[in-house]
1. Provide the packing ranking of 29-37, 160-168, i.e. peptides ordered by the mean count of other C-beta atoms within 10 Å per residue, highest first.
2. To the nearest Å, what is the center-to-center distance of the range 47-109 and the range 182-228, using C-alpha atoms only?
3. Taking 0.36 nm per residue of separation and subtracting the Cα-Cα distance, what length does fully extending K212 through S19 add?
4. With an 8 Å Cα cut-off and a minimum separation of 6 or more residues, compute the relative contact order for the chain in percent.
5. Let's test the formula: R0 of 35 Å, r as the Cβ-Cβ distance of D232 and Q114. What FRET efficiency results, to the nearest 0.05?
6. How many percent of DSSP beta bridges within the range 22-257 run antiparallel, rounded to 5?
7. Could you please state how large a percent of the accessible area of the chain is carbon and sulfur, counting protein chains only and using a 1.4 Å probe?
8. By what distance, in whole Å, do the Cα atoms of the range 22-257 stretch along each of the three principal axes, largest value first?
Amino acid sequence: MSAPADSPTFPTNGRVDLSGRTFVVTGGNGGIGLGMATGLAQAGAAVLIAGRNAAKNAAAVKTLKALGAKAAAVEADVTVQAECRALIEAASDKFGRLDILVNNAGTTIRKQPQHYTLEEWKLVLDTNLTSAFLCSQAAYPAMLEAGGGKIINIGSMLSIFGASFTGPYGASKGGMVQLTKSLACAWAKDNIQVNAVLPGWIDTELTRQGRKEIAGLHERVLARTPAGRWGDPADFAGIAVFLAGSASDFLNGTAIPVDGGYSSQG
Ligand code: NDP
């Protein structure tokens with residue numbers, strides 16, 4: 001199947017042009033999600049972000065609009081199926097179509113495995129993994145209607161490695177890579193590409209809390225990361241634009257580390 005005639009293209013100045021495209025990013029009101037949203041907005045896409053915190057949503061929309069983007073937010077809890085569906089519908093209602101879905105919302109609870117309750121296990125799996133399945137399923141008809149689409153799933157170094165304090169988180173992020181492959185195989189025929197991004201250790205609210213809870217984490221990350229620094233949300237703008245545009249049309253089912261070399265270090 002060939003790419004749709006109105007696919008985003010590389011204009012002669014080498015910049016990706018995503019104008020006319022609409023994307024949804026779950027958890028787009030801060031951290032890595034906002035880093036990706038910023039890249040997509042700068043490439044001209046219309047942006048719908050989703051999170052539970054209304055104040056954070058409003059601040060992120062202001063930031064994106066200041067870049068000249070069409071931006072809006074939906075208050076949504078992605079652990080609730082009806083809210084996932086409403087979020088996807090809102091993209092079509094507000095912007096007329098849906099081209100790109102970034103499944104980024106995530107959380108963790110750090111404990112030794114023997115101490116988790118079933119509710120804690122379910123909260124992490126529902127937030128990180130089941131939400132990606134539900135939002136993708138809800139987005140599929142709109143992407144079909146648009147002639148194709150892109151889904152970007154956010155995994156983790158814990159999609160690859162283990163750690164003693166990440167039982168449900170690691171299970172959710174390993175599952176995210178396998179979900180990515182299944183969706184890619186199923187929907188390639190519909191011109192929908194599904195890829196995962198595996199962030200290294202990035203300085204966000206999530207990991208600031210982790211550095212408080214896990215002694216020595218900060219130093220261990222610095223020592224193992226060849227880039228010699230923690231990642232920044234802005235490091236995700238480029239990969240988002242690449243995976244959202246036609247330059248990645250033959251990339252499907254992959255899991256790409258964006259980690260300053262962390263996963264290459266022996
Ligand atoms: P943040 O804590 O900064 O962002 C998490 C985002 O998810 C927030 O926007 C939050 O918004 C949203 N969110 C959480 N729960 C829900 C929910 N139930 N419904 C809707 N939105 C929700 O963390 P990061 O930016 O670090 O994390 C983003 C993704 O990147 C996550 O999937 C995380 O696992 C992954 N990741 C992060 C790494 C890092 O080093 N930082 C490394 C590897 C992966 P709100 O609170 O308003 O709902």
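1. In descending order of packing, they fall as 29-37, 160-168.
2. After rounding, the separation between the Cα centres reads 20 Å.
3. Full extension from K212 to S19 adds 65.4 nm.
4. Relative CO of the chain lands at 21 percent.
5. Details: r = 35 Å, r/R0 = 1.00.
Efficiency, rounded to the nearest 0.05: 0.50.
6. In the range 22-257, approximately 0 percent of DSSP beta bridges are antiparallel ones.
7. On the way: 6480 of 11830 Å².
The nonpolar share, carbon plus sulfur, comes to 55 percent.
8. 48, 37, 33
The values are calculated or read from the model by the stated rules, or taken from the named source; none is laboratory data. Keep in mind it's a predicted model, so treat the numbers as computed, not measured. Here Cβ is always computed from backbone atoms with ideal geometry, including for glycine, and neighbour counts include all displayed protein chains. Surface accessibility is based on the protein's heavy atoms, side chains included, excluding ligands, DNA and RNA. Shrake-Rupley method; radii C 1.70, N 1.55, O 1.52, S 1.80 Å.
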